[in-house]
Structure formats: C-alpha cells, structure tokens
Amino acid sequence: MKNKRTVRQFFIFHMRPSRVPVATLPYNHTFGLGGMSALLVVCLVVTGALMMLAYEPTPERAYESILGLQTETLFGSLVRGIHFWSANLLIAIAVLHLLRVFFTGAREGARRFNWVIGLVLLGCVLAANFTGYLLPWDQLSYWAVTICTGMLGYVPGIGGWLQTVARGGPEVGPVTLIIFYTIHTTVVPAAFVVLMGFHFWRVRKARGVVVPRAAGAPVAAEVAYAPGWPDLILRELAVGVVLVAVVLALAVFFAPGMGTPANPGMSPNPAKAPWYFVGFQELQIHFHPVFSALVIPLAAVIGLVWWPYRRRETDPAGIFLGSAIGRRTAGLAAVTGLIVTPLLIIADDRWFQAASRLQRLPAVVGHGLLPFVILAAGVFGFRLTLRWRMAASREDADQAVFILLAVAFVVMTVVAVWFRGEGMALVWPW
C-alpha cells in the first residue's frame, strides 16, 4: 500500500512541480489556460480514438459513417459533440494562453525559445482542426477546404505545387481525404506528444510560470513558495472539472449537426473557410491574393517568432501590460482597432476597390502593394504618435501595435463570419 502511494505521488510530482511560488497561485494570474489546453488535447485524443472505430475515410462512406455514429451508435452523438467542442475551444483557449504569456512578459530571457515552441503548438492546433474539418465530407467542409487549399495557389513560384501536394492532386478528392485523415490521426497527435512534453519541461526548467510583480518593481531576489500538493493541484483539478462540465453541456445541448453530402459540382453561396481561417478570407477581399495568402501571414509569423529576441529597453517579465503607460496605450490601440477596422472595410467595399485610378494599375500593385504600404505607414505613424505624445517606451509602443493588429484581425473574422452574405457581400446578419 505504501509503495503504491509512493509511485502515485512520484508520478504526480514528476508531472507537476513539488512547490510553486505563492504569487502564481491566484486564478487570475494564468486562468489555468495552459492546463485547460492540455486537458482538451486529452479529450480530443480519447474521443478521436473512439470515433476512428466507426469512421471510414473514403468519399463514399465518410459522410454515412459519421451520420451512423450520431444516429445509430450508443453515445455516438455525445462522443462527436465532445470532440467537436473540445477542438473549437482548444483554438480559443490556446490563443488566450498565448496572449496571457505575451501580456505578462513571460516570453523573455530563458523563456524565449519556449515561446517559439508554443507558437508551433498553436500551429499544430490549427492543423488538427483544419484536417479534421474535412473528414465529415459534407458540403460545408468540402468547400471550406477547397477554398483554403486554393489560397496556396497564389504563392509565387511554388503555389501550384503546394496546392497539388495539399490536395494530393488537382482537386479535393479521395486522396485529399486520406492525406487529411493521416495527418489528423497520426502526424498531429505525434507532434502534440513531443512538443507538449518539451513545452512543459521548458516551463519547469524556467522555474514555473513567471512571477507577477508591479510596474517598476525589481525582480524579487527571494520568492515565497507553497507546496504543489494541495495548493496547485487542487486548483488545477477544479479548473479541469469546470472545463469538462462546460464541454459536456455544449456537447449535449449544442450537438454538431451534419450538412448535406459533399457535392463537388455545386458550391454553396457563400462558401466560407472555417471560422479560425475566415479572417484570411476577409483579407483576400481587400488585398491581392499574393499579399493576403503569403505576405501578410508570413510577416505575422516572422514577427511573432522574432518578438522576444528583439532589443528592448525594459524587462517586462511578470508585469501585466508592461507599465501604467503600457496599459493606457493598450486600451487606446484596442479602441482604435475596433473603430478604424470596420470603417476601412466599409470604405474599401464601397469606394476603394472601384476607384478608377486603382483599376489602371496592375492588380498586385493597386490592390496589393499600394494598400499594404499605406496601412503599414498608418501603423508606423500610430506607433510614432504613442512614442512622442504619450511618452511610451519602445516596449509599450510595440505592444500597442501588436494589440492594434490583433484586434483588427478579430474584427475581420467577425465581419467575415456574420456580416458576409451571398457573393461575400456585406449584409446585416439579421
């Protein structure tokens, strides 16, 4: 009995730290977002393994096998509901976790490389959702994947090759389904196992999550600690129980439905990408495809990877939003993004795209390079204004630019999901 208890305790303390800084225990410091992400991955693995027992990855049987799982298999609808909502919640919670890390400065020093690992994990989350999106083989999933893989064709030089590799041929078909099924059930889960273990180990190596401190306060030389059990583990268990309850409630009361079977000869109108990629589809309305599918996403990825390695004036570790000025500039950036982005979308939809002078220019210039340069100049001017008028530090000004661009992308996603109708024209959702 004693040996069993020793093994159990060793396993728990190997997975979780034996002691943690007292200042990191309050829920509002991390909100348990990292642990929730890990728990959702476990839910996805368990329910995904059960669904594999019923799923048949062929265009002839994929739709029917999912329909049979929901209507003929005991608890099949519940299992699919848990899988569906765990996948969608995982995207939101992983992004919130990334933002929490960013805004508390937990991306500097010894934590820089772990920030990069976290970005790769977020990419795996998106890949898992995207590859799984096609598997029901209904109209919505078929045409959403057709649109997203079609964006690859705009990459200069290798676009056609990338599109063919992603689809396994010129069109979305049986080979595409096998490719997506293999990636979804084998490649991505293996990447999760390796990267999550490495990610958690790097957190432990950095002595846990970043310790919060007030703006202007030095990093504490001595930190008060509390035992991992029960102080930390009971909190994590409470968060986990609430999360599982939420997922179960969503799976029961908002069970995912099934559309009509995929019809390659009839595209729905509008044909939209999955909600987590539809912001890029909105970008494609306003920018030439080279910029919406390559330049802007690539610039965003490079910027996020480079961020913790750039030269900085202050050490933001543990300080929420950097400083008092950082909090004011962050609020100003968020409000600016909420107001300016819809106005620019409406102006582009009503006037800029139809401007005669722009029509005379090559499309890649008039609807790509020119608006990109103008917007980049506007963002740079916004940053300079914060530096001069509000005496913001370089760190605070860069943080405000990040918030401005993040809010702009969220607004574009909302517009594309709810305010785009037939032909992707602007409409009122009600």
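In the set (1) over 18 Å from the mean Cα position of the chain (by Cα); (2) crowded, with 17+ Cβ neighbours inside 10 Å; (3) small (G, A, S), the condition left unmet by G109 is number (2). Within the range 211-251, being of a type in the set (G, A, S), over 23 Å from V101 (Cβ atoms) and modelled with pLDDT of 90 or more holds for A245, A249, A251. Looking at V125, V155, V165, V120, just one residue is hydrophobic (A, V, I, L, M, F, W, C), surrounded by fewer than 19 Cβ atoms within 10 Å (Cβ to Cβ), modelled with pLDDT of 95 or more and not assigned by TED's automatic domain parsing to the domain that holds A300, and that residue is V120.
Among all residues of the range 51-61, there is at least one that is assigned by TED's automatic domain parsing to the domain that holds R207, modelled with pLDDT of 90 or more and part of a helix (DSSP H, G or I).
Here are some residues: V247, V242, V193. Which one is under 30 Å from E64 (Cα atoms) and assigned to a helix (DSSP H, G or I)? First the steps, then the outcome.
Numbers: V242 fails: under 30 Å from E64 (Cα atoms); V193 fails: under 30 Å from E64 (Cα atoms).
It is V247.
A single entry from T186, T149, T164, T176 fulfils the requirement of being without any contact (Cβ under 8 Å) to a residue 12 or more places away in the chain, closer than 27 Å to V45 by Cβ and hydroxyl-bearing (S, T, Y): T186. Screening V364 with (1) within 26 Å of the chain's Cα centre (by Cα); (2) part of a helix (DSSP H, G or I); (3) surrounded by fewer than 18 Cβ atoms within 10 Å (Cβ to Cβ) gives one miss only, at (1).
Would you confirm whether or not the range 279-294 contains a residue that is touching a helix residue (DSSP H, G or I) at 6+ places or on another chain (Cβ under 9 Å), in a loop (DSSP other than H, G, I, E, B) and among the polar types (S, T, N, Q)? The answer is no; no qualifying residue exists. Scanning the range 296-355 for residues that are more than 23 Å from the chain's Cα centre (by Cα), part of a helix (DSSP H, G or I) and not β-branched (V, I, T) yields a total of 14. Condition (residue is modelled with pLDDT under 95, part of a loop (DSSP other than H, G, I, E, B) and either outside the structural domain of L321 (by TED's automatic domain parsing) or more than 27 Å from R350 (Cβ to Cβ) (or both)) applied to the range 392-405: is it met by at least one residue? The answer is yes, given that some residue of the range 392-405 is modelled with pLDDT under 95, part of a loop (DSSP other than H, G, I, E, B) and either outside the structural domain of L321 (by TED's automatic domain parsing) or more than 27 Å from R350 (Cβ to Cβ) (or both). Listed by first and then second residue, the pairs linking a residue in the range 15-31 that is within 16 Å of F200 (Cβ to Cβ) to a residue that is among the acidic types (D, E), with Cβ atoms under 9 Å apart and 6 or more places separating them unless they lie on different chains, are R16/E236; V20/D231.
The values are calculated or read from the model by the stated rules, or taken from the named source; none is laboratory data. For clarity, every value in this text was computed on a predicted model and none was experimentally measured. So basically every Cβ, Gly included, is an ideal-geometry build from the backbone, and we count neighbours across all protein chains shown.
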